[in-house]
Amino acid sequence: MGTSIVNTIKVIAVLAVAVFFLNGCATMSAEECVTADWRAIGYEDGAAGQTVAMLGKRRQACADHGVRPDTEAYRAGRAEGLTLYCTEMRGFRIGRAGGTYGGVCPRDLEDDFLAGYESGREIYQAQRAVNDVASAIRSAHNEREHLLDDITEMSAHLVSDEATKEERIELLADIARLKTRHTELGFEIEDMEYELALREAAFHEIQLRSPYR
């Protein structure tokens, strides 16, 4: 098995364990507190990008069981774990997914992490802008369809024998209002489709100039 594959498996294993701890980190049992490998726990927290405040939460959880964590071992492990977290590609992936950065990286690693993070964040925001306009267009189309359904229903009642003169007058006014709104939505959709094309072009341009894939 190649070295790169082995390293990838190790990273996945570390992240899986980190997720486990993050899901239940504040509720460590007495046995977990007593038998904890604090250096390993610190490493897992660092690899997951957790702030040092996580140690306070763990300390409080274990204090309930009369156990004090080995803070020196935890901090040493966390520093090691941060070297796995604070990379350009990790920063890019976090930014690309819309994640936040808690300022956890040491100075000698932060510049590279932020370079990736900011590039990923730019792509995320551009894609979100595209998605927002596309969602607005879908909503406008749905509203137009509902308007047509309402107009059809009102028109049917308008010509029915059950409609009174007063109802017909009111129905005619309502139908005219709905038709106006239907027309307005058509123009709004045209404008939004133009905006969508611009945002899609900007999104693709940002993707192409990004050094990360």
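The values are calculated or read from the model by the stated rules, or taken from the named source; none is laboratory data. Note that the structure is a prediction, hence the values are computed from the model and not measured. Here Cβ is always computed from backbone atoms with ideal geometry, including for glycine, and neighbour counts include all displayed protein chains. Side chains are part of the model used for accessible areas, which takes the heavy atoms of the whole protein and leaves out ligands, DNA and RNA. Shrake-Rupley method; radii C 1.70, N 1.55, O 1.52, S 1.80 Å.
Summary table below
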{"quantity": "Whole-Å semi-axes of the ellipsoid equivalent to segment 122-213 (Cα gyration tensor, √5λ, descending)", "calculated": "44, 10, 7"}
{"quantity": "Charge dipole (the chain, unit charges on Cβ, about Cα centre) - positive-most of Cys33, Tyr212, Thr152", "calculated": "Cys33"}
{"quantity": "With DNA, RNA and ligands ignored, accessible area of His65 (1.4 Å probe; Å², nearest 10)", "calculated": "80"}
{"quantity": "Relative contact order [Cα under 8 Å, 6+ residues apart], the chain, whole percent", "calculated": "17"}
{"quantity": "Cα-based shape type of segment 52-141, given that a ≥ b ≥ c are square roots of the gyration tensor eigenvalues and the cut on a/c is 1.5", "calculated": "oblate"}
{"quantity": "Of Leu147, Leu196, Leu55, the one that fluctuates the most in a GNM where the chain has Cα springs shorter than 10 Å", "calculated": "Leu147"}
{"quantity": "Under 12 Å, Cβ to Cβ, from Asn131 - net charge with Lys/Arg +1 and Asp/Glu -1", "calculated": "+1"}
{"quantity": "Point-to-point label distance, Asp37-Val52, nm (Cα→Cβ direction, 7 Å offset)", "calculated": "2.4"}
{"quantity": "Label-to-label distance, nm, for residues given as Asp149 and Asp191 (7 Å Cα→Cβ offset)", "calculated": "2.6"}
{"quantity": "Selection from Tyr101, Gly66, Ala53 lying farthest towards where the dipole of the chain points positive, charges on Cβ", "calculated": "Gly66"}
{"quantity": "Residue-averaged [θ]222 nm for the chain, counting only DSSP H segments that reach four residues, each worth -39500 (n - 2.57)", "calculated": "-27500 deg cm²/dmol"}
{"quantity": "Among [x] 10.8; [y] 20.9; [z] 14.6, the entry derived from the coordinates for mean projected area of the Cα convex hull in nm²", "calculated": "[y]"}
{"quantity": "Computed magnitude of the charge dipole of segment 151-209 (debye, nearest 20; Cβ of K, R +1, Cβ of D, E -1)", "calculated": "120"}
{"quantity": "Within the accessible area of the chain (1.4 Å probe), percent carbon and sulfur", "calculated": "54"}
{"quantity": "Dipole magnitude (debye, nearest 20) for the chain, charges at Cβ of Lys, Arg, Asp, Glu", "calculated": "1300"}
